[in-house]
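Encoded as C-alpha coordinates, the structure appears first; notes follow it.
The values are calculated or read from the model by the stated rules, or taken from the named source; none is laboratory data. Given the structure is predicted, the values throughout are model-derived calculations rather than measurements. No Cβ is skipped: glycine too gets one built from the backbone with ideal geometry, and neighbour counts run over all protein chains shown.
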Ligand code: SF4
Ligand code: SF3
(Lines give C-alpha, C1' and ligand atoms only; values in the text may rest on other atoms or scores of the structure.)
(Ligands and ions follow the chains in the order given, each with its own letter.)
Protein backbone atom coordinates (compact mmCIF):
# COMPACT_ATOMS: atom_id res chain seq x y z
CA UNK A 1 0.00 0.00 0.00
CA UNK A 2 0.95 3.61 -0.21
CA UNK A 3 -0.71 6.56 1.49
CA UNK A 4 0.74 9.95 2.42
CA UNK A 5 -2.35 12.08 2.75
CA UNK A 6 -2.01 13.01 6.43
CA UNK A 7 0.60 14.48 8.73
CA UNK A 8 1.25 11.32 10.72
CA UNK A 9 2.28 9.35 7.64
CA UNK A 10 4.97 6.78 8.43
CA UNK A 11 8.53 8.16 8.62
CA UNK A 12 7.21 11.44 7.21
CA UNK A 13 7.17 9.90 3.74
CA UNK A 14 4.30 7.41 3.38
CA UNK A 15 2.51 4.50 5.03
CA UNK A 16 3.56 1.40 3.09
CA UNK A 17 2.63 -1.64 5.17
CA UNK A 18 -0.10 -0.41 7.52
CA UNK A 19 -1.47 3.05 8.07
CA UNK A 20 -0.38 4.76 11.27
CA UNK A 21 -4.12 5.58 11.51
CA UNK A 22 -5.00 1.88 11.39
CA UNK A 23 -5.83 1.77 7.67
CA UNK A 24 -4.96 -1.71 6.36
CA UNK A 25 -3.44 -2.29 2.92
CA UNK A 26 -6.67 -3.74 1.48
CA UNK A 27 -8.69 -0.75 2.69
CA UNK A 28 -6.12 1.62 1.21
CA UNK A 29 -6.49 -0.11 -2.17
CA UNK A 30 -10.30 0.05 -1.95
CA UNK A 31 -10.22 3.75 -1.12
CA UNK A 32 -7.92 4.45 -4.07
CA UNK A 33 -10.17 2.41 -6.34
CA UNK A 34 -13.18 4.34 -5.08
CA UNK A 35 -11.46 7.65 -5.91
CA UNK A 36 -10.67 6.25 -9.38
CA UNK A 37 -14.32 5.23 -9.86
CA UNK A 38 -15.46 8.69 -8.69
CA UNK A 39 -13.11 10.24 -11.25
CA UNK A 40 -14.84 8.18 -13.93
CA UNK A 41 -18.24 9.33 -12.68
CA UNK A 42 -16.97 12.91 -12.64
CA UNK A 43 -16.03 12.74 -16.33
CA UNK A 44 -19.73 12.20 -17.14
CA UNK A 45 -20.86 14.75 -14.56
CA UNK A 46 -18.69 17.40 -16.25
CA UNK A 47 -19.98 16.46 -19.70
CA UNK A 48 -23.53 16.36 -18.32
CA UNK A 49 -23.26 19.94 -17.12
CA UNK A 50 -22.08 20.99 -20.57
CA UNK A 51 -25.29 19.65 -22.09
CA UNK A 52 -27.53 20.88 -19.29
CA UNK A 53 -27.96 17.80 -17.13
CA UNK A 54 -26.85 17.68 -13.53
CA UNK A 55 -27.86 14.82 -11.25
CA UNK A 56 -28.36 15.92 -7.61
CA UNK A 57 -27.81 12.39 -6.33
CA UNK A 58 -24.49 12.20 -8.19
CA UNK A 59 -23.40 15.60 -6.87
CA UNK A 60 -23.94 14.61 -3.25
CA UNK A 61 -22.65 11.07 -3.77
CA UNK A 62 -19.31 12.35 -5.08
CA UNK A 63 -18.85 14.70 -2.11
CA UNK A 64 -19.85 12.07 0.44
CA UNK A 65 -17.63 9.60 -1.39
CA UNK A 66 -14.43 11.59 -1.22
CA UNK A 67 -15.20 12.70 2.34
CA UNK A 68 -15.39 8.96 3.24
CA UNK A 69 -11.74 8.58 2.22
CA UNK A 70 -10.55 11.43 4.45
CA UNK A 71 -8.28 10.26 7.26
CA UNK A 72 -10.04 8.56 10.19
CA UNK A 73 -13.53 8.50 8.65
CA UNK A 74 -14.41 5.05 7.36
CA UNK A 75 -12.38 1.88 7.88
CA UNK A 76 -15.02 -0.57 6.66
CA UNK A 77 -14.00 -2.52 3.53
CA UNK A 78 -17.53 -3.78 2.88
CA UNK A 79 -18.93 -0.28 2.75
CA UNK A 80 -16.25 0.80 0.28
CA UNK A 81 -16.92 -2.22 -1.92
CA UNK A 82 -20.61 -1.30 -2.02
CA UNK A 83 -19.76 2.35 -2.72
CA UNK A 84 -17.52 1.38 -5.65
CA UNK A 85 -20.35 -0.66 -7.20
CA UNK A 86 -22.85 2.13 -6.61
CA UNK A 87 -20.47 4.61 -8.31
CA UNK A 88 -20.53 2.53 -11.48
CA UNK A 89 -24.34 2.20 -11.36
CA UNK A 90 -24.65 5.98 -11.08
CA UNK A 91 -22.08 6.43 -13.86
CA UNK A 92 -24.09 4.25 -16.23
CA UNK A 93 -27.31 6.05 -15.30
CA UNK A 94 -25.72 9.44 -15.87
CA UNK A 95 -24.10 8.25 -19.09
CA UNK A 96 -27.54 7.37 -20.47
CA UNK A 97 -28.90 10.80 -19.47
CA UNK A 98 -25.91 12.57 -21.02
CA UNK A 99 -26.33 10.59 -24.23
CA UNK A 100 -30.03 11.44 -24.37
CA UNK A 101 -29.15 15.13 -23.90
CA UNK A 102 -26.79 14.97 -26.89
CA UNK A 103 -23.53 14.84 -24.92
CA UNK A 104 -20.39 12.84 -25.61
CA UNK A 105 -20.19 9.44 -23.94
CA UNK A 106 -17.38 7.64 -25.77
CA UNK A 107 -14.64 8.64 -23.33
CA UNK A 108 -11.58 6.43 -23.54
CA UNK A 109 -10.19 7.02 -20.05
CA UNK A 110 -9.94 3.79 -18.02
CA UNK A 111 -11.81 5.42 -15.14
CA UNK A 112 -14.78 6.11 -17.41
CA UNK A 113 -15.03 2.48 -18.49
CA UNK A 114 -13.97 0.55 -15.44
CA UNK A 115 -16.02 -2.45 -14.27
CA UNK A 116 -15.71 -3.48 -10.63
CA UNK A 117 -14.56 -7.05 -10.02
CA UNK A 118 -16.91 -9.57 -8.39
CA UNK A 119 -14.95 -10.49 -5.28
CA UNK A 120 -13.38 -8.42 -2.53
CA UNK A 121 -9.91 -9.82 -3.28
CA UNK A 122 -10.22 -8.90 -6.96
CA UNK A 123 -11.47 -5.42 -6.10
CA UNK A 124 -8.41 -4.95 -3.88
CA UNK A 125 -6.11 -5.98 -6.69
CA UNK A 126 -7.91 -3.53 -9.04
CA UNK A 127 -7.27 -0.87 -6.40
CA UNK A 128 -3.58 -1.71 -6.16
CA UNK A 129 -3.26 -0.92 -9.87
CA UNK A 130 -4.58 2.63 -9.41
CA UNK A 131 -2.69 3.38 -6.21
CA UNK A 132 -2.27 7.06 -5.33
CA UNK A 133 1.48 7.42 -5.02
CA UNK A 134 4.22 9.91 -5.86
CA UNK A 135 6.26 9.74 -9.06
CA UNK A 136 5.02 9.71 -12.62
CA UNK A 137 6.50 11.61 -15.55
CA UNK A 138 6.72 14.84 -13.60
CA UNK A 139 6.99 14.48 -9.83
CA UNK A 140 6.01 18.11 -9.25
CA UNK A 141 2.82 17.78 -11.30
CA UNK A 142 1.97 14.62 -9.34
CA UNK A 143 2.68 16.44 -6.08
CA UNK A 144 0.35 19.27 -7.07
CA UNK A 145 -2.34 16.88 -8.30
CA UNK A 146 -2.25 15.15 -4.93
CA UNK A 147 -2.35 18.49 -3.12
CA UNK A 148 -5.46 19.22 -5.18
CA UNK A 149 -6.98 15.80 -4.50
CA UNK A 150 -6.40 16.08 -0.75
CA UNK A 151 -7.74 19.65 -0.80
CA UNK A 152 -10.85 18.32 -2.58
CA UNK A 153 -11.38 15.86 0.27
CA UNK A 154 -11.59 18.85 2.60
CA UNK A 155 -13.92 20.76 0.25
CA UNK A 156 -16.15 17.69 0.00
CA UNK A 157 -16.32 17.44 3.79
CA UNK A 158 -17.45 21.07 4.10
CA UNK A 159 -19.89 20.76 1.20
CA UNK A 160 -21.41 17.65 2.76
CA UNK A 161 -21.79 19.29 6.18
CA UNK A 162 -23.40 22.30 4.49
CA UNK A 163 -25.80 20.16 2.48
CA UNK A 164 -26.95 18.38 5.64
CA UNK A 165 -28.07 21.81 6.88
CA UNK A 166 -29.77 22.68 3.60
CA UNK A 167 -27.04 24.78 1.95
CA UNK A 168 -25.52 23.94 -1.41
CA UNK A 169 -24.11 25.57 -4.51
CA UNK A 170 -23.83 23.94 -7.94
CA UNK A 171 -20.51 25.78 -8.42
CA UNK A 172 -18.94 23.73 -5.61
CA UNK A 173 -20.11 20.42 -7.08
CA UNK A 174 -19.04 21.51 -10.57
CA UNK A 175 -15.51 22.33 -9.44
CA UNK A 176 -15.11 19.15 -7.38
CA UNK A 177 -16.07 17.11 -10.46
CA UNK A 178 -13.95 19.14 -12.90
CA UNK A 179 -10.95 18.82 -10.62
CA UNK A 180 -11.44 15.09 -9.96
CA UNK A 181 -11.68 14.45 -13.70
CA UNK A 182 -8.86 16.94 -14.37
CA UNK A 183 -6.44 15.01 -12.16
CA UNK A 184 -6.63 12.19 -14.74
CA UNK A 185 -5.29 14.46 -17.48
CA UNK A 186 -1.73 13.92 -18.62
CA UNK A 187 -1.25 17.30 -20.29
CA UNK A 188 -1.33 19.51 -17.18
CA UNK A 189 1.73 21.63 -16.40
CA UNK A 190 2.95 22.80 -13.00
CA UNK A 191 1.32 26.18 -13.65
CA UNK A 192 -2.02 24.55 -14.57
CA UNK A 193 -1.93 22.54 -11.36
CA UNK A 194 -1.05 25.57 -9.23
CA UNK A 195 -4.01 27.41 -10.80
CA UNK A 196 -6.31 24.47 -10.02
CA UNK A 197 -5.05 24.32 -6.43
CA UNK A 198 -5.76 28.04 -6.01
CA UNK A 199 -9.23 27.58 -7.48
CA UNK A 200 -9.73 24.73 -5.01
CA UNK A 201 -8.91 27.21 -2.24
CA UNK A 202 -11.49 29.67 -3.56
CA UNK A 203 -14.15 26.99 -3.91
CA UNK A 204 -13.37 25.82 -0.41
CA UNK A 205 -14.06 29.33 0.84
CA UNK A 206 -17.48 29.09 -0.79
CA UNK A 207 -18.10 25.64 0.73
CA UNK A 208 -17.12 26.96 4.17
CA UNK A 209 -19.36 30.00 3.66
CA UNK A 210 -22.26 27.65 2.91
CA UNK A 211 -21.49 25.65 6.03
CA UNK A 212 -21.28 28.81 8.12
CA UNK A 213 -24.70 29.80 6.76
CA UNK A 214 -26.05 26.31 7.51
CA UNK A 215 -24.78 26.38 11.09
CA UNK A 216 -25.79 29.93 11.93
CA UNK A 217 -29.20 29.97 10.23
CA UNK A 218 -30.13 26.63 11.82
CA UNK A 219 -28.71 27.14 15.32
CA UNK A 220 -28.03 30.89 15.58
CA UNK A 221 -24.66 32.58 16.00
CA UNK A 222 -22.53 31.10 18.79
CA UNK A 223 -22.49 33.18 21.98
CA UNK A 224 -19.89 33.14 24.76
CA UNK A 225 -20.67 30.09 26.87
CA UNK A 226 -18.96 28.50 29.83
CA UNK A 227 -18.71 24.73 29.38
CA UNK A 228 -18.17 22.49 32.43
CA UNK A 229 -15.35 19.95 32.12
CA UNK A 230 -16.62 17.85 35.00
CA UNK A 231 -19.65 15.58 35.19
CA UNK A 232 -23.20 15.60 36.44
CA UNK A 233 -24.66 12.59 38.24
CA UNK A 234 -26.77 10.58 35.82
CA UNK A 235 -26.82 8.57 32.60
CA UNK A 236 -24.65 9.90 29.83
CA UNK A 237 -24.07 10.07 26.07
CA UNK A 238 -20.84 11.38 24.55
CA UNK A 239 -21.00 12.86 21.04
CA UNK A 240 -17.81 13.32 19.00
CA UNK A 241 -17.00 14.39 15.45
CA UNK A 242 -18.30 17.55 13.76
CA UNK A 243 -21.95 17.01 12.79
CA UNK A 244 -24.31 19.49 14.49
CA UNK A 245 -27.45 17.91 13.07
CA UNK A 246 -26.60 14.53 14.60
CA UNK A 247 -25.95 16.24 17.93
CA UNK A 248 -29.28 18.05 17.76
CA UNK A 249 -31.07 14.81 16.89
CA UNK A 250 -29.49 13.03 19.86
CA UNK A 251 -30.53 15.93 22.10
CA UNK A 252 -34.13 15.73 20.85
CA UNK A 253 -34.36 11.95 21.09
CA UNK A 254 -32.74 11.72 24.55
CA UNK A 255 -34.72 14.57 26.15
CA UNK A 256 -36.61 13.74 29.34
CA UNK A 257 -34.90 10.38 29.79
CA UNK A 258 -32.53 11.31 32.62
CA UNK A 259 -29.57 11.37 30.22
CA UNK A 260 -27.00 14.17 30.05
CA UNK A 261 -25.28 14.77 26.73
CA UNK A 262 -21.55 15.57 26.66
CA UNK A 263 -19.29 16.62 23.82
CA UNK A 264 -15.89 15.23 22.92
CA UNK A 265 -13.17 16.63 20.65
CA UNK A 266 -14.41 18.95 17.91
CA UNK A 267 -17.94 18.99 19.35
CA UNK A 268 -16.84 21.32 22.19
CA UNK A 269 -17.72 24.60 20.38
CA UNK A 270 -21.31 23.43 19.76
CA UNK A 271 -22.15 24.46 23.34
CA UNK A 272 -22.12 28.07 22.10
CA UNK A 273 -25.04 27.70 19.65
CA UNK A 274 -28.34 29.03 21.02
CA UNK A 275 -30.24 26.34 19.10
CA UNK A 276 -28.29 23.61 20.88
CA UNK A 277 -27.55 25.09 24.30
CA UNK A 278 -31.31 25.50 24.88
CA UNK A 279 -31.54 21.79 25.71
CA UNK A 280 -31.23 21.52 29.52
CA UNK A 281 -29.62 18.08 29.33
CA UNK A 282 -26.81 19.32 27.02
CA UNK A 283 -24.36 19.41 29.88
CA UNK A 284 -20.61 19.66 29.36
CA UNK A 285 -17.43 18.50 27.67
CA UNK A 286 -15.52 15.30 28.36
CA UNK A 287 -11.92 14.67 27.31
CA UNK A 288 -9.69 16.34 24.77
CA UNK A 289 -8.73 15.78 21.14
CA UNK A 290 -9.37 12.75 18.94
CA UNK A 291 -6.00 11.07 19.40
CA UNK A 292 -6.70 10.59 23.10
CA UNK A 293 -9.92 8.64 22.57
CA UNK A 294 -8.44 5.23 23.40
CA UNK A 295 -7.42 6.67 26.80
CA UNK A 296 -10.53 8.74 27.41
CA UNK A 297 -13.43 6.66 26.07
CA UNK A 298 -12.91 3.76 28.52
CA UNK A 299 -13.46 6.28 31.34
CA UNK A 300 -16.81 7.46 29.99
CA UNK A 301 -19.64 5.55 31.74
CA UNK A 302 -22.16 5.92 28.91
CA UNK A 303 -22.74 5.49 25.18
CA UNK A 304 -20.43 7.16 22.65
CA UNK A 305 -21.41 8.35 19.18
CA UNK A 306 -18.94 9.23 16.40
CA UNK A 307 -20.62 11.53 13.88
CA UNK A 308 -17.57 12.18 11.66
CA UNK A 309 -13.80 11.95 11.86
CA UNK A 310 -11.59 11.30 13.75
CA UNK A 311 -12.31 7.68 14.62
CA UNK A 312 -9.63 5.34 15.91
CA UNK A 313 -9.86 1.58 16.30
CA UNK A 314 -12.38 1.00 19.13
CA UNK A 315 -10.66 -0.70 22.06
CA UNK A 316 -12.21 -3.81 23.63
CA UNK A 317 -13.05 -1.88 26.81
CA UNK A 318 -15.57 0.35 25.01
CA UNK A 319 -16.22 -1.51 21.74
CA UNK A 320 -19.75 -2.35 22.91
CA UNK A 321 -20.57 1.25 23.86
CA UNK A 322 -19.41 3.06 20.75
CA UNK A 323 -21.59 3.74 17.70
CA UNK A 324 -20.92 5.32 14.32
CA UNK A 325 -23.28 7.22 12.06
CA UNK A 326 -23.19 9.05 8.72
CA UNK A 327 -19.99 8.47 6.78
CA UNK A 328 -17.99 7.08 9.69
CA UNK A 329 -17.40 3.37 10.00
CA UNK A 330 -15.37 0.65 11.66
CA UNK A 331 -16.01 -3.01 10.84
CA UNK A 332 -18.06 -4.61 13.59
CA UNK A 333 -19.04 -1.30 15.24
CA UNK A 334 -22.80 -0.67 15.33
CA UNK A 335 -23.67 1.85 12.63
CA UNK A 336 -26.78 4.00 13.13
CA UNK A 337 -28.76 4.82 10.01
CA UNK A 338 -31.67 7.18 9.36
CA UNK A 339 -30.90 9.19 12.49
CA UNK A 340 -32.65 6.70 14.73
CA UNK A 341 -30.44 6.86 17.81
CA UNK A 342 -32.63 4.60 19.96
CA UNK A 343 -29.83 2.01 20.24
CA UNK A 344 -27.43 4.70 21.53
CA UNK A 345 -30.02 5.87 24.07
CA UNK A 346 -30.78 2.30 25.18
CA UNK A 347 -27.07 1.68 25.68
CA UNK A 348 -26.70 4.87 27.74
CA UNK A 349 -29.65 3.84 29.92
CA UNK A 350 -28.18 0.37 30.44
CA UNK A 351 -24.79 1.75 31.49
CA UNK A 352 -24.00 3.12 34.97
CA UNK A 353 -23.60 6.76 34.00
CA UNK A 354 -21.84 9.16 36.37
CA UNK A 355 -22.51 8.26 39.99
CA UNK A 356 -21.72 11.69 41.38
CA UNK A 357 -21.25 15.31 40.40
CA UNK A 358 -17.62 16.30 39.76
CA UNK A 359 -16.21 19.79 39.23
CA UNK A 360 -13.21 20.04 36.92
CA UNK A 361 -13.58 23.70 36.07
CA UNK A 362 -14.83 25.05 32.77
CA UNK A 363 -13.76 26.57 29.48
CA UNK A 364 -15.23 29.41 27.45
CA UNK A 365 -16.43 28.84 23.88
CA UNK A 366 -18.56 30.83 21.45
CA UNK A 367 -16.27 33.41 19.89
CA UNK A 368 -17.39 33.08 16.31
CA UNK A 369 -17.31 36.03 13.93
CA UNK A 370 -20.55 37.52 15.20
CA UNK A 371 -19.40 37.71 18.83
CA UNK A 372 -15.86 38.86 18.06
CA UNK A 373 -17.01 41.50 15.59
CA UNK A 374 -19.61 42.77 18.05
CA UNK A 375 -16.69 44.00 20.17
CA UNK A 376 -14.62 45.12 17.16
CA UNK A 377 -14.65 48.76 18.34
CA UNK A 378 -13.13 47.73 21.66
CA UNK A 379 -10.54 45.54 19.94
CA UNK A 380 -9.56 48.28 17.48
CA UNK A 381 -9.26 50.85 20.29
CA UNK A 382 -7.10 48.42 22.27
CA UNK A 383 -4.78 47.93 19.27
CA UNK A 384 -4.54 51.69 18.74
CA UNK A 385 -3.75 52.32 22.42
CA UNK A 386 -1.20 49.47 22.24
CA UNK A 387 -3.05 47.51 24.94
CA UNK A 388 -3.12 44.72 22.32
CA UNK A 389 0.26 44.31 20.61
CA UNK A 390 -0.38 41.34 18.36
CA UNK A 391 -2.91 38.63 17.44
CA UNK A 392 -1.90 35.01 17.11
CA UNK A 393 -4.22 32.65 15.26
CA UNK A 394 -3.07 29.27 16.56
CA UNK A 395 -5.33 26.66 15.06
CA UNK A 396 -5.78 23.50 13.11
CA UNK A 397 -5.76 19.80 13.79
CA UNK A 398 -4.26 17.94 16.68
CA UNK A 399 -2.38 14.65 16.50
CA UNK A 400 -0.25 12.32 18.54
CA UNK A 401 3.27 13.44 17.58
CA UNK A 402 5.46 14.80 20.41
CA UNK A 403 6.38 17.78 18.18
CA UNK A 404 2.86 19.10 18.76
CA UNK A 405 3.93 20.32 22.21
CA UNK A 406 5.20 23.30 20.20
CA UNK A 407 1.67 24.71 20.18
CA UNK A 408 1.25 24.39 23.97
CA UNK A 409 4.61 26.01 24.59
CA UNK A 410 3.95 28.77 22.09
CA UNK A 411 0.63 29.75 23.67
CA UNK A 412 2.15 29.62 27.15
CA UNK A 413 4.94 31.94 26.04
CA UNK A 414 2.88 34.45 24.07
CA UNK A 415 3.22 37.73 26.02
CA UNK A 416 0.28 39.03 28.07
CA UNK A 417 -0.37 41.95 25.71
CA UNK A 418 -1.20 39.59 22.81
CA UNK A 419 -4.46 37.83 21.96
CA UNK A 420 -4.75 34.18 20.97
CA UNK A 421 -7.49 33.15 18.55
CA UNK A 422 -7.95 29.44 18.09
CA UNK A 423 -10.08 26.91 16.26
CA UNK A 424 -10.21 23.17 15.52
CA UNK A 425 -8.99 20.34 17.71
CA UNK A 426 -5.43 21.70 17.93
CA UNK A 427 -6.81 23.94 20.68
CA UNK A 428 -6.83 21.01 23.12
CA UNK A 429 -3.10 21.60 23.51
CA UNK A 430 -3.97 24.75 25.51
CA UNK A 431 -7.76 25.11 25.72
CA UNK A 432 -7.94 25.04 29.51
CA UNK A 433 -5.18 27.56 30.17
CA UNK A 434 -6.23 30.64 32.11
CA UNK A 435 -4.80 33.43 29.96
CA UNK A 436 -6.78 36.26 31.55
CA UNK A 437 -8.12 39.19 29.58
CA UNK A 438 -7.18 42.49 27.99
CA UNK A 439 -9.62 45.24 28.94
CA UNK A 440 -12.36 42.69 29.57
CA UNK A 441 -11.79 40.77 26.31
CA UNK A 442 -10.62 37.19 27.05
CA UNK A 443 -7.09 36.66 25.68
CA UNK A 444 -7.96 33.18 24.46
CA UNK A 445 -10.88 33.21 22.02
CA UNK A 446 -12.26 29.93 20.69
CA UNK A 447 -13.67 30.57 17.22
CA UNK A 448 -14.96 27.00 16.89
CA UNK A 449 -14.36 23.79 14.98
CA UNK A 450 -12.12 23.37 11.95
CA UNK A 451 -15.47 23.71 10.19
CA UNK A 452 -15.56 27.35 11.38
CA UNK A 453 -12.42 28.48 9.56
CA UNK A 454 -14.70 30.76 7.52
CA UNK A 455 -15.46 32.66 10.72
CA UNK A 456 -11.73 33.16 11.40
CA UNK A 457 -11.21 34.45 7.86
CA UNK A 458 -14.13 36.87 8.22
CA UNK A 459 -12.69 38.20 11.48
CA UNK A 460 -9.31 38.80 9.83
CA UNK A 461 -10.92 40.49 6.80
CA UNK A 462 -13.10 42.72 9.03
CA UNK A 463 -10.08 43.78 11.10
CA UNK A 464 -8.14 44.54 7.92
CA UNK A 465 -11.03 46.67 6.66
CA UNK A 466 -11.24 48.51 9.99
CA UNK A 467 -7.54 49.32 9.86
CA UNK A 468 -7.75 50.09 6.15
CA UNK A 469 -5.01 47.62 5.32
CA UNK A 470 -4.62 44.13 3.91
CA UNK A 471 -4.75 40.96 6.05
CA UNK A 472 -0.98 40.64 5.55
CA UNK A 473 -0.46 44.09 7.10
CA UNK A 474 -2.37 43.30 10.30
CA UNK A 475 -0.50 42.64 13.53
CA UNK A 476 -1.58 39.02 13.06
CA UNK A 477 0.42 35.82 12.77
CA UNK A 478 -1.14 32.58 11.59
CA UNK A 479 0.34 29.43 13.06
CA UNK A 480 -1.32 26.32 11.69
CA UNK A 481 -1.17 22.77 12.88
CA UNK A 482 -2.31 20.35 10.24
CA UNK A 483 -3.19 16.69 10.33
CA UNK A 484 -5.88 15.69 7.85
CA UNK A 485 -7.17 16.97 4.53
CA UNK A 486 -9.61 19.65 5.73
CA UNK A 487 -6.48 21.48 6.85
CA UNK A 488 -5.10 21.15 3.30
CA UNK A 489 -8.27 22.78 1.93
CA UNK A 490 -8.06 25.59 4.51
CA UNK A 491 -4.42 26.20 3.67
CA UNK A 492 -5.27 26.44 -0.04
CA UNK A 493 -8.03 28.92 0.83
CA UNK A 494 -5.64 31.12 2.80
CA UNK A 495 -3.08 31.00 -0.03
CA UNK A 496 -5.74 31.75 -2.64
CA UNK A 497 -6.65 34.84 -0.60
CA UNK A 498 -3.03 35.95 -0.80
CA UNK A 499 -2.33 35.42 2.90
CA UNK A 500 1.43 35.25 3.43
CA UNK A 501 3.88 34.30 6.13
CA UNK A 502 1.87 31.33 7.48
CA UNK A 503 3.78 29.04 9.82
CA UNK A 504 2.89 25.41 9.21
CA UNK A 505 3.68 22.47 11.46
CA UNK A 506 4.45 20.22 13.11
CA UNK A 507 5.93 18.87 9.84
CA UNK A 508 5.44 19.77 6.20
CA UNK A 509 3.21 17.56 4.01
CA UNK A 510 5.00 14.52 2.60
CA UNK A 511 3.21 15.04 -0.72
CA UNK A 512 4.88 18.40 -1.33
CA UNK A 513 8.06 18.03 -3.40
CA UNK A 514 11.05 20.36 -2.86
CA UNK A 515 10.21 22.26 -6.07
CA UNK A 516 6.57 22.75 -5.07
CA UNK A 517 7.70 23.90 -1.64
CA UNK A 518 9.97 26.40 -3.34
CA UNK A 519 6.96 27.82 -5.23
CA UNK A 520 5.02 28.10 -1.95
CA UNK A 521 7.91 29.82 -0.19
CA UNK A 522 8.55 32.17 -3.10
CA UNK A 523 4.92 33.17 -3.62
CA UNK A 524 3.54 32.97 -0.10
CA UNK A 525 6.51 33.07 2.24
CA UNK A 526 5.10 29.97 3.93
CA UNK A 527 7.46 28.56 6.55
CA UNK A 528 7.72 25.53 8.79
CA UNK A 529 7.31 26.06 12.54
CA UNK A 530 10.69 25.98 14.34
CA UNK A 531 10.70 26.38 18.12
CA UNK A 532 8.24 28.40 20.17
CA UNK A 533 11.01 30.76 21.36
CA UNK A 534 12.54 31.31 17.94
CA UNK A 535 9.18 31.83 16.21
CA UNK A 536 7.99 34.28 18.88
CA UNK A 537 11.24 36.19 18.61
CA UNK A 538 10.93 36.47 14.83
CA UNK A 539 7.27 37.45 14.96
CA UNK A 540 7.45 39.99 17.78
CA UNK A 541 10.96 41.25 17.05
FE1 LIG B 1 -0.96 6.79 6.79
FE2 LIG B 1 -2.33 9.03 7.20
FE3 LIG B 1 -2.80 7.53 5.06
FE4 LIG B 1 -3.54 6.70 7.49
S5 LIG B 1 -4.33 8.48 6.34
S6 LIG B 1 -2.55 5.47 5.91
S7 LIG B 1 -1.82 7.48 8.71
S8 LIG B 1 -0.91 8.66 5.53
FE1 SF3 C 1 -9.40 17.44 14.40
FE2 SF3 C 1 -9.75 15.11 13.22
FE3 SF3 C 1 -8.65 17.96 11.98
FE4 SF3 C 1 -11.61 19.17 12.93
S5 SF3 C 1 -11.00 15.96 14.71
S6 SF3 C 1 -9.64 19.31 13.24
S7 SF3 C 1 -7.98 16.32 13.13
What about residue 382, is it farther than 20 Å from residue 239 by Cβ and not in a helix (DSSP H, G or I)? no
May I ask you to list the residues in the stretch 300-350 that are in a strand (DSSP E or B), over 23 Å from residue 281 (Cβ atoms) and out of contact with any helix residue (DSSP H, G or I) (no Cβ under 7 Å at 6 or more places or on another chain)? 335
Working only within the stretch 397-448, note down all residues that are closer than 20 Å to residue 308 by Cβ, more than 16 Å from ligand 1 (Cβ to nearest atom) and assigned to a loop (DSSP other than H, G, I, E, B). 424, 431
Residues that are within 16 Å of ligand 2 (Cβ to nearest atom), farther than 20 Å from residue 148 by Cβ and outside the structural domain of residue 20 (by TED's automatic domain parsing): does the stretch 479-502 have at least one? yes
Within the stretch 1-24, restricting to residues that are more than 9 Å from ligand 1 (Cβ to nearest atom) and in contact (Cβ under 8 Å) with a residue 60 or more places away in the chain, the one that is nearest to residue 504 (Cα to Cα) is 12
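Here is a yes/no grid of residues against (1) buried (at least 17 other Cβ atoms within 10 Å of the Cβ); (2) within 16 Å of ligand 2 (Cβ to nearest atom):
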| position | (1), (2) |
| --- | --- |
| 19 | yes, yes |
| 26 | yes, no |
| 29 | yes, no |
| 37 | yes, no |
| 46 | yes, no |
| 51 | no, no |
| 56 | no, no |
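Being more than 16 Å from ligand 2 (Cβ to nearest atom), under 21 Å from residue 429 (Cα atoms), in the same structural domain as residue 322 (by TED's automatic domain parsing) and over 21 Å from the mean Cα position of the chain (by Cα) is the requirement here; does residue 258 meet it?
Criteria not met by residue 258.
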Contact list please: Cβ distance under 9 Å, first residue in the stretch 203-228 and at pLDDT below 95, second residue surrounded by 22 or more Cβ atoms within 10 Å (Cβ to Cβ) and assigned to a helix (DSSP H, G or I), pairs at least six apart or on different chains. none
Just for the stretch 403-462: of the residues that are within 16 Å of ligand 2 (Cβ to nearest atom) and on the phi > 0 side of the Ramachandran plot, which one is surrounded by the most Cβ atoms within 10 Å (Cβ to Cβ)? 424
Among 94, 27, the single one that is within 13 Å of ligand 1 (Cβ to nearest atom), assigned by TED's automatic domain parsing to the domain that holds residue 134, touching a residue at least 40 places away in the same chain (Cβ under 8 Å) and out of contact with any strand residue (DSSP E or B) (no Cβ under 8 Å at 6 or more places or on another chain) is 27
Looking for whichever is assigned to a loop (DSSP other than H, G, I, E, B), away from ligand 1 (no atom under 16 Å from the Cβ), without any contact (Cβ under 8 Å) to a residue 60 or more places away in the chain and outside the structural domain of residue 401 (by TED's automatic domain parsing) here; the options are 283, 279. Which one fits? 279
Please report, ordered by residue number, the helices (runs of 4 or more DSSP H) entirely within the stretch 110-175 with at least 3 residues that are free of Cβ contacts under 8 Å to residues at least 60 places away in the same chain. 120-129, 139-164
Exactly one of these conditions fails for residue 487: (1) surrounded by fewer than 17 Cβ atoms within 10 Å (Cβ to Cβ); (2) modelled with pLDDT of 95 or more. Give me its number. (1)
Of the residues in the stretch 304-334, those that are over 15 Å from residue 236 (Cβ atoms), free of Cβ contacts under 8 Å to residues at least 40 places away in the same chain and touching a strand residue (DSSP E or B) at 6+ places or on another chain (Cβ under 8 Å) come to 314, 324, 333, 334
